[in-house]
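The values are calculated or read from the model by the stated rules, or taken from the named source; none is laboratory data. What you see is a predicted model; the values in this text were computed from it and never measured. Glycine also receives a Cβ, built like all others from the backbone with ideal geometry; neighbour counts cover every protein chain displayed. Ligands, DNA and RNA are stripped out before the accessible areas are found, and what is left, the full protein with its side chains, is counted by its heavy atoms. Shrake-Rupley method; radii C 1.70, N 1.55, O 1.52, S 1.80 Å.
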Amino acid sequence: ELPHADKLQKVACADCHADTVKIVEQSVHYAPDKNGKGAHCVNCHGAHDILSAKDSASRTYALTLPKTCAQCHSQQHIPGAAGTVADNYVDSVHGRGVARAGLVVSANCTSCHGAHDIKTRTDPASRVNRARVADTCGSCHQGIQPLFAKSVHAEQGRMGKTGAAVCSDCHTSHRIQRAETDQWRLAAIQECGNCHVDKITTY
């Protein structure tokens, strides 16, 4: 009824979106043990301004989504990397595709992590778990995926060697650069050396 009472019960999104809420409750964002500090529906979708993800004014629109995620992840650091998750993404080839070129097809946060079913990278069901990284990257890089599948790195992975290189080992996760630049090529020597210590020493 309108006008509604001054004080209303907290909205239960599950009343209409039960299936989606069940998925979120299995995600890393759902944190009932952290005094409600996990992400809630309104953190990503808004409250009175909820719009379809296809609407350019939506918080979950492809070009806006990185800013929405950065509301919480702008202070989060990646172990062993300089800068925050958000800063690294903005300066990556994917981030520049979104922010500078306005490419809705450029990878954003949900492209790699999923939308409602986000899990930690150590969870075998996570899209960014080592065993699934090649498939996740391959969902966009379809021409590269079959080439990688024939590589010695992929072969080692199929043999059960958990340390076998996957896409993010060479290209990193959030600060991915264009592979044809001198900067990336010079850095690649060090990236290879992280695994091939004996080779990098003699090189």
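Data for the structure
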item	result
Segment Ser151-Ala99, extension gain: residue separation times 0.36 nm, minus the distance between their alpha carbons	15.4 nm
Average Cα contact separation per residue, the chain, under 8 Å, 6 or more apart, as relative contact order %	13 percent
Helical contribution to [θ] at 222 nm, DSSP H n ≥ 4, -39,500 (n - 2.57), averaged over the chain, rounded to 500	-10000 deg cm²/dmol
Given charges at Cβ of Lys, Arg, Asp, Glu: the chain dipole, positive-most of Ser106, Ala39, Ala188	Ala188
Tensor-based shape of region 25-107 (alpha-carbon gyration tensor, a/c under 1.5 rounded, otherwise prolate or oblate)	oblate
Accessible area expressed per residue, region 121-203, with surrounding protein chains retained (probe 1.4 Å, Å²)	72 Å²
Cα gyration tensor shape for region 53-98, rounded if a/c is under 1.5, else prolate or oblate	oblate
Carbon and sulfur %, accessible surface of the chain computed with the full protein complex present, 1.4 Å	57 percent
Distance histogram in 5 Å bins (all Cα pairs of the chain, percent per bin)	1, 6, 11, 17, 18, 16, 11, 8, 5, 3, 2, 1, 1, 0, 0, 0
Three-way shape label, region 90-198, alpha-carbon gyration tensor, a/c 1.5	oblate
Global size of region 1-61 as Cα Rg and Dmax, reported in angstrom	13.5, 37
Modelled FRET efficiency - R0 41 Å, Arg121 with Gln9, Cβ distances, 0.05 increments	0.65
Förster-model FRET efficiency, 35 Å R0, Ala31 and Thr201, C-beta, rounded to 0.05	0.20
Added length on full extension, which subtracts the Cα-Cα distance from 0.36 nm per residue, Met159 to Glu180	4.5 nm
